[in-house]
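Quick notes on the structure that follows.
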Amino acid sequence: MLIDSHCHLDDYENIPAILANAKAVGVQQLLAIGIGNGPADMHVALDIANAHPDVFATAGIHPQEAHQATPENLAKLATLAQDPRCIAIGEIGLDYYHLDNPDIPTQHAAFVAQLKIAVAAHKPITIHCRTSELAIPAAKAKYEPADAWVDLLALLAEHWIPHQLPGIMHCFSGNEAQAASSLAAGFYLSFAGHPDRRPDRPRQPHPRRNRRSLPHSHPPPRPAQRTRQRSPHRTLPRRPPRHLTRSSSRTHHQQLPPALPFNPSRNFAPLAPFAFKAFAFPATAA
Ligand SMILES: [Zn+2]
């Protein structure tokens, strides 16, 4: 059994068909990320979860929409966070990649405000963090020398880690030291088929090195100079959850020694036991 720990079901209209396709390839349960196209529809993923027993949801304001972290929208998020099927806050974080993203102080404020909401609701977070490393020159000029990973870990140290709640570093793209810091802080690392995409960056953390790696069908970040359209994080084509098997097998199974039983979906269980006790894990799953 596979659990997709990060998919954007609200991108699709025929949800029953999407779920049927996912189940046909062994993806039994899904975490629908509730960022919508902005806070106005961050509730849509939860609506889907409430209509489908195998779907759980998050809610959050993506860093590219940080300028919309108004008191009203944060209040909406706090309300969504109370729903038992909203099992995490996210994806939230920092994104120093797109030239027209909100400025750094705006992103920091939105992130910290949402960390506080997650703490108050006692729910995990799922993190989006993207540096300007591969951005267009103008974006690099805008954000450098700031480093999104350095800033993110500093904000987490102050506002999140003392509360000892779990979280996911979604589509992890940091270096080995940042992976170690994240694991030490209780985070799980999710990989979307990209851990070996960065030959320019040696010693990228390898998923076989820990049992806190997770699968998801979200596409990895691309070094593309795309322009902002309707909503910046929507400029990348989404993969439907049925692609999780390909992504998961690439990042986990094929690279693992056959003697090491490993089920990345099983890793999901201890992440948030108070929320995930609904997930059923076959005792012999490997
Ligand atoms: Zn996402």
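The values are calculated or read from the model by the stated rules, or taken from the named source; none is laboratory data. On a predicted model such as this, the values are computed, not experimentally measured, just so you know. Here the Cβ positions follow ideal geometry from the backbone for every residue, glycine too, while neighbour counts run over all protein chains shown.
Worth a mention:
- Matching residues in the range 22-42 - criterion: being surrounded by 21 or more Cβ atoms within 10 Å (Cβ to Cβ), free of Cβ contacts under 8 Å to residues at least 40 places away in the same chain and away from the ligand (no atom under 16 Å from the Cβ): none
- Subset of the range 6-21 (residues that are in a helix (DSSP H, G or I), within 16 Å of the ligand (Cβ to nearest atom) and touching a residue at least 60 places away in the same chain (Cβ under 8 Å)): 9, 11, 18
- Residue 201 meets the conditions (1) within 16 Å of the ligand (Cβ to nearest atom); (2) at pLDDT below 90 in every case but one. The failed one is (1).
- Those residues of the range 63-76 which are away from the ligand (no atom under 16 Å from the Cβ) and in a helix (DSSP H, G or I), in sequence order: 67, 68, 71, 72, 73, 74, 75, 76
- Tally, over the range 119-152, of residues that are buried (at least 20 other Cβ atoms within 10 Å of the Cβ), aliphatic (A, V, I, L, M) and under 18 Å from the mean Cα position of the chain (by Cα): 4
- Enumeration of residues in the range 86-113 that are surrounded by fewer than 18 Cβ atoms within 10 Å (Cβ to Cβ) and either part of a strand (DSSP E or B) or touching a residue at least 12 places away in the same chain (Cβ under 8 Å) (or both): 100, 104, 106, 109, 112
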